[in-house]
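J.: My structure is below; once you've seen it, I'll send some questions.
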Amino acid sequence: MEIWIIRDGEKVGPLHDFEIRRKITTGELPASTPAWHEGSGDWKPLIEIDLFKREFELVSEPEKTLPPPLPPSEVGKSPTPLKPALIRRFCARWLDLMLYSGIWWLGLWAAGQDIEAAFFNPWIMFFHYIPWFALESVLIHRFGTTPGKWLLGLRVLNLDASHLDLGAATRRSMRVLFTGIGFGFSFLALFCQILSLVVTKRIGTTLWDHTGGHKVIATPLKPFRVVSFVILFFVAIQLHAIVIPISPARVEEMDKMLPGFKAQYEKNPQWHLPKQN
């Protein structure tokens, strides 16, 4: 959403809502700052716009966001800093998606569907991640994590360290689906992830967490979780290779779009369709 404000007697804008949130959090914009956005009618103080009420509540009552005092045994130790943990978050996200996707294709195969036709059907590819993000919403709401995030020591919480309600978790997952991975389409997904990286570097957190008022806490990694992550990722990749065979005719078609695809196909016999008797 684009917002206009009046500052020092001058109209400033348009500003994106995440910029307004950041300025409120840093104290640059007081609650009485006149603001306007399309559909709001007259100018009104920022605090009267529902989109920003939560930021002013957090700024005016900071004691609610402070953790309890450390026990005597922990006094003097440095707390783990809150960082974006971008590499861990990226790996956790794609482990979740790869595991889900492998199970999804296995289910289609078990149901007797034409896997090759389904794999190259853009409409199926458009919808096939939606069930995962519905499940992710429930997991984030109930446990604050997902299998990939749990293995890599990540938890998603509100800024006051409480769990997200189901509505907030669902909105977060939908933002990731649209703006984080672009529904999983190759070039769109790459564009969305580069854009997300740029935004995160700029504001210190991902756009979907900044917009929703959430944070991701990263705890120290344990060796067995790292090993488990690597094994599961390898299993997920092999599951895709086994379940999704590709015919020679399709290989020729794909090699025209992605040079080198045919060479990779020939190196991976598990991709081949079984010969007909």
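The values are calculated or read from the model by the stated rules, or taken from the named source; none is laboratory data. Remember, predicted model here, so these are calculated numbers, not experimental data. Positions of Cβ are backbone-derived with ideal geometry, glycine not excepted, and every protein chain shown enters the neighbour counts. The accessibility values were calculated without ligands, DNA or RNA, using every heavy atom of the protein model including side chains. Shrake-Rupley method; radii C 1.70, N 1.55, O 1.52, S 1.80 Å.
J.: Anything in segment 1-11 that is open to solvent by 50 Å² or more (accessible area, probe 1.4 Å) and part of a strand (DSSP E or B)? List them, or say none.
T.: As a first pass, look at segment 1-11 and keep what is open to solvent by 50 Å² or more (accessible area, probe 1.4 Å): 1-2, 4, 6-11.
The answer is Glu2, Trp4, Ile6, Arg7, Glu10, Lys11.
J.: Which one of these is small (Gly, Ala, Ser), open to solvent by less than 40 Å² (accessible area, probe 1.4 Å) and modelled with pLDDT under 85: Ala110, Ala118?
T.: The conditions single out Ala118.
J.: Which condition number does Tyr100 fail, the rest of (1) part of a helix (DSSP H, G or I); (2) open to solvent by less than 50 Å² (accessible area, probe 1.4 Å); (3) under 15 Å from Thr206 (Cβ atoms); (4) not β-branched (Val, Ile, Thr) being met?
T.: (3)
J.: Looking only at segment 169-206, which residues are of a type in the set (Gly, Ala, Ser) and touching a residue at least 24 places away in the same chain (Cβ under 8 Å)?
T.: Listed by number, the residues that qualify are Ala169, Ser173, Gly180, Gly184, Gly204.
J.: Please go through segment 190-220 and give me each residue that is surrounded by fewer than 15 Cβ atoms within 10 Å (Cβ to Cβ) and either among the polar types (S, T, N, Q) or under 12 Å from the mean Cα position of the chain (by Cα) (or both), ordered by number.
T.: Passing the criteria: Leu197, Thr219.
J.: Considering only residues that are over 25 Å from the mean Cα position of the chain (by Cα) and either closer than 11 Å to His240 by Cβ or part of a helix (DSSP H, G or I) (or both), which ones fall in segment 103-118?
T.: Leu108, Trp109, Ala110, Ile115, Glu116, Ala117, Ala118, listed by residue number.
J.: While we're looking at this one, here's another question. If we scan segment 153-175, do we find a residue that is within 28 Å of Val227 (Cβ to Cβ), modelled with pLDDT under 90 and among the hydrophobic types (A, V, I, L, M, F, W, C)?
T.: no
J.: Okay, next question. When you scan segment 138-167, how many residues do you find that are under 22 Å from Thr25 (Cβ atoms), open to solvent by less than 10 Å² (accessible area, probe 1.4 Å) and outside any loop (DSSP other than H, G, I, E, B)?
T.: 2
J.: Can you name the condition, by its number, that Pro131 falls short on among (1) surrounded by 17 or more Cβ atoms within 10 Å (Cβ to Cβ); (2) closer than 18 Å to Trp94 by Cβ; (3) not aliphatic (A, V, I, L, M)?
T.: (1)
J.: How many residues does segment 12-27 contain that are part of a loop (DSSP other than H, G, I, E, B) and either open to solvent by 80 Å² or more (accessible area, probe 1.4 Å) or in contact with a strand residue (DSSP E or B) (Cβ under 9 Å, 6 or more places away or on another chain) (or both)?
T.: The number of residues fulfilling the criteria is 1.
J.: Being over 11 Å from the mean Cα position of the chain (by Cα), farther than 29 Å from Lys222 by Cα and either at pLDDT 90 or above or of a type in the set (Val, Ile, Thr) (or both): is that true of Thr145 here?
T.: no
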